[in-house]
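Trainee: Provided herewith is a single structure, encoded as structure tokens, for subsequent inquiry.
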Amino acid sequence: MYGRCCTAESDIGMRYYLTDCPGTGGRLKKTAQDFVVREISNAPAEVPSGRYTIADVTTTNWETNRLIRLLARTMRISRERIGFAGTKDKRAVTTQKMSFECEPNRLDNIGLKDISVSGIYCSNRPIRMGDLLGNSFEITVRDCESDRDSIESTVVSVTDAVKSVGGFPNYFGVQRFGTSRPVTHIVGERIVRGDIEGAVEAYLCLPSEFEEEDVQNAREAFRRCNGDYSAIDFELPKIMGFESILIDHLRRRPGDFIGAISEMPSNLQMMFTHAYQSYLFNLMLSGRMEHGMPLNSPVVGDTVIPVNAEGVPDHDGPVTVTAKNMRLVERQVAKGRAFVAITVFGSDGMFSEGEMGEIERKIVDDEGLSKDDFIVPRLAHCSAKGNWREILCTVNDLSHHILDDGYRMGFSLSKGNYATCLMREFLKTDMNRY
């Protein structure tokens, strides 16, 4: 029924495709201009006397956390005074709304390469995480392994399947874990298990063949320290900004691994645990697909999430599917007024019922976890309550155009969903090609 994934994506829980037809192969993001992202914003209203400056920020080849850090430095404000709605892909051209707790003329100080600012106005509230409706994408695939006719046949076949089902498997994508070095969930797992030293070791030391030689050499030096990072006496490559935060702290306070993680940006601390939760979710979604269960219709025991008046899933109002309410729930799901969801396991410890609940519980049990593990007292940002997540991601405005050297896809997704998880259905190739 579903296609089996045999690439490294299976290591982060993404073990199936919606379709079982061959992929086109190819490469995403051969250039940044091949991956264009425009935020569909839910921006705060304009208030001329407001204390926050709002602007559209367009970047090329900028990782979000590094962008915030350097914006804060050049504008001479705290990074905590810069707000944004969501992280974006690094190797891309992205446009997103950002807020700055400062006067508009401070934006004149931004002199960073490949960054432009427009649409400036004032408001009485900042941009916060989640202040967006979604993102629109224009993605070009190059270096395909098939001829033009085969490419078109595959693209049409997958497009038809996605439209027929109403979407694609709503995995957490590779960006959640690290495209070139997928270790974020490993760091999160060690934090959840109380192994803070091991979490720091994983972040600093775990290697990747796709990193530059100087970065690989630095990681080898970290490994030789055997936990005594105060011995590091060389300057780290500039790209290792967050590693530098850890090393600088451990030089000053050897052995203070909790303090080292506490020095990292709060959103990155949260990302560690969230990535491990995402890994568990991916395993659960794969388990559902392995059992041949549907993505676009409920079965008894499933959890269903209704959508609110704005069409956004209301995760605070889950409904359990029973034999009595099945027909009503089926109609709501078919009309797009509700979605089947599975647990993003955390300290709230929520599970579905029925067959899906058995899959969820088995994965948590096999990992040897309890809900209390997701409460991290000395690292509050690493604690995670958990929630529900839809198992099917709907797609709007899906279109394609076949090129001489590949093809271009256009579409939009609601917030919290991953364009690469749609594109993997077309490419079916190694994730380092993303």
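Trainee: Over the Cα atoms of region 71-148, what is the Rg over Rh ratio if Rh follows Kirkwood? If you can, show how the numbers build up before the last one.
Mentor: Numbers: Rg = 16.3 Å, Rh = 15.0 Å.
That ratio equals 1.09.
Trainee: For region 287-297, take each phi angle, set θ = phi - 60°, evaluate the Karplus expression 6.51 cos²θ - 1.76 cosθ + 1.60, and give the result in whole Hz per residue in order, putting x for glycine and proline.
Mentor: Calculated HN-Hα couplings, in order: x, 4, 5, 4, 7, x, 7, x, 9, 10, 8 Hz.
Trainee: Also, I was wondering about something else. Placing +1 at every Lys and Arg Cβ and -1 at every Asp and Glu Cβ, with all other atoms neutral, what dipole size does region 303-394 have around its Cα centre, in debye to the nearest 20? Walk me through the numbers on the way to the answer.
Mentor: Details: 11 positive and 15 negative charges, 77 e Å.
Charge dipole of region 303-394: 360 debye, to the nearest 20.
Trainee: Find the relative contact order for the chain and round it to a whole percent, using C-alpha pairs within less than 8 Å whose residues are 6+ positions apart.
Mentor: On the way: 885 pairs, mean separation 91.5, N = 434.
Once divided by the residue count of the chain, the mean separation gives 21 percent.
Trainee: Calculate the FRET efficiency for Lys324 and Glu235 from the Cβ-Cβ distance with a Förster distance of 56 Å, rounded to the nearest 0.05. Kindly include the intermediate steps, with their values, before the conclusion.
Mentor: Working: r = 66 Å, r/R0 = 1.18.
My answer for the efficiency is 0.25.
Trainee: Between the DSSP loop rule and a limit of at most 13 other Cβ atoms within 10 Å, which GluC sites (Glu not before Pro) in region 156-216 are left? Display every interim value, and only then the final one.
Mentor: Details: sites: Glu189, Glu197, Glu201, Glu209, Glu211, Glu212, Glu213; in loops: Glu209, Glu211, Glu212.
In loop regions of region 156-216 (DSSP not H, G, I, E or B), the sparsely surrounded GluC sites (Glu not before Pro) are Glu209, Glu212.
Trainee: OK, next. So for the chain, what percent of the C-alpha to C-alpha distances run longer than 27 Å?
Mentor: Values: 53142 of 93961 pairs.
The calculated P(r) of the chain puts 57 percent of pairs beyond 27 Å.
Trainee: Sticking with this structure for a sec: So who's got an amide H within less than 5 Å of the one on Cys122, skipping anything under 5 residues away but keeping other chains? H placed 1.01 Å off N, in plane.
Mentor: Val47, Ile54
Trainee: Rounded to the nearest whole Å², what accessible area per residue is found for the chain with the 1.4 Å probe? The partial results should precede the final answer.
Mentor: Numbers: 19490 Å² over 434 residues.
Value returned for the chain: 45 Å² of accessible area per residue.
Trainee: Tell me the carbon and sulfur percent of the accessible area for region 1-106, rounded to whole percent, probe radius 1.4 Å. Could the numbers behind the result be given before it?
Mentor: Working: 2080 of 4600 Å².
The computed percentage sits at 45.
Trainee: Still on this structure: Report the FRET efficiency, 1/(1 + (r/R0)^6), for Asp108 and Arg337, where r is their Cβ-Cβ distance and R0 is 56 Å, rounded to 0.05. Intermediate values should be presented prior to the final figure.
Mentor: Numbers: r = 47 Å, r/R0 = 0.84.
The calculated FRET efficiency here is 0.75.
Trainee: Kirkwood hydrodynamic radius (Cα pairs, Å) of region 138-206? Could you put the intermediate results ahead of the total?
Mentor: On the way: mean 1/r = 0.0645 Å⁻¹.
Computed over Cα pairs of region 138-206, the Kirkwood hydrodynamic radius comes out at 15.5 Å.
Trainee: Let me ask another. Loop-only check: which GluC sites (Glu not before Pro) in region 112-168 are DSSP coil with at most 15 other Cβ within 10 angstrom?
Mentor: Glu145
Trainee: Tabulate in residue order the Karplus-calculated ³J(HN,Hα) for region 205-217, using 6.51 cos²θ - 1.76 cosθ + 1.60 with θ = phi - 60°, rounded to whole Hz; enter x for Gly and Pro.
Mentor: So the Karplus estimates, Gly and Pro as x, are 9, 4, x, 8, 5, 8, 8, 5, 4, 5, 5, 4, 5 Hz.
Trainee: Right, another one. Mean 1/r over all different Cα pairs, inverted: what Kirkwood radius does region 335-434 give, in Å? It would help to have the intermediate numbers written out before the result.
Mentor: Values: mean 1/r = 0.0595 Å⁻¹.
In region 335-434 this quantity evaluates to 16.8 Å.
Trainee: Charges at C-beta only: +1 for Lys and Arg, -1 for Asp and Glu. How large is the resulting dipole of region 1-89 about its Cα centre, in Debye rounded to 20? Mind showing how you got there, number by number?
Mentor: Values: 14 positive and 10 negative charges, 87 e Å.
In debye, rounded to 20, region 1-89 gives about 420.
Trainee: For region 135-216, with all protein chains present and a 1.4 Å probe, just round the carbon and sulfur fraction of the accessible area to a whole percent.
Mentor: Details: 1400 of 3520 Å².
Percent of accessible area from carbon and sulfur atoms in region 135-216: 40.
Trainee: Show the residues, 5+ positions off or on another chain, whose built amide H is closer than 5 Å to the amide H of Ser41.
Mentor: Leu133
Trainee: Once Lys and Arg get +1 and Asp and Glu get -1 on their Cβ, which of Gly50, Thr273, Ser10 lies farthest toward the positive end of the dipole of the chain?
Mentor: In the chain, that residue is Gly50.
Trainee: Hey, how many Å between the Cα centroid of region 1-48 and the Cα centroid of region 219-298?
Mentor: Computed from Cα coordinates, the inter-centre distance equals 22 Å.
Trainee: For region 366-434, which trypsin sites (Lys or Arg not before Pro) pass both filters: DSSP loop (anything but H, G, I, E, B) and at most 15 other C-beta atoms within 10 Å? The partial results should precede the final answer.
Mentor: Details: sites: Lys371, Arg378, Lys385, Arg389, Arg408, Lys415, Arg424, Lys428, Arg433; in loops: Arg378, Lys385, Lys415, Lys428.
Loop-located and lightly packed - Arg378, Lys385.
Trainee: Considering only protein heavy atoms and a 1.4 Å probe, what is the carbon-and-sulfur percentage of the accessible area of region 277-346? Before the final figure, lay out each step's value.
Mentor: Working: 1560 of 3090 Å².
The C+S portion of the solvent-accessible surface of region 277-346 is 50 percent.
Trainee: Treating only the Cβ atoms of Lys and Arg (+1) and Asp and Glu (-1) as charged, compute the dipole magnitude of the chain about its Cα centre; round to the nearest 20 debye. Walk me through the numbers before you get to the answer.
Mentor: On the way: 52 positive and 61 negative charges, 208 e Å.
Result for the chain is approximately 1000 debye, rounded to the nearest 20.
The values are calculated or read from the model by the stated rules, or taken from the named source; none is laboratory data. Values in this document were obtained by computation on a predicted structure and should not be read as measured data. Here Cβ is always computed from backbone atoms with ideal geometry, including for glycine, and neighbour counts include all displayed protein chains. Please note that ligands, DNA and RNA were not included when accessible areas were found on the heavy atoms of the full protein model with its side chains. Shrake-Rupley method; radii C 1.70, N 1.55, O 1.52, S 1.80 Å.
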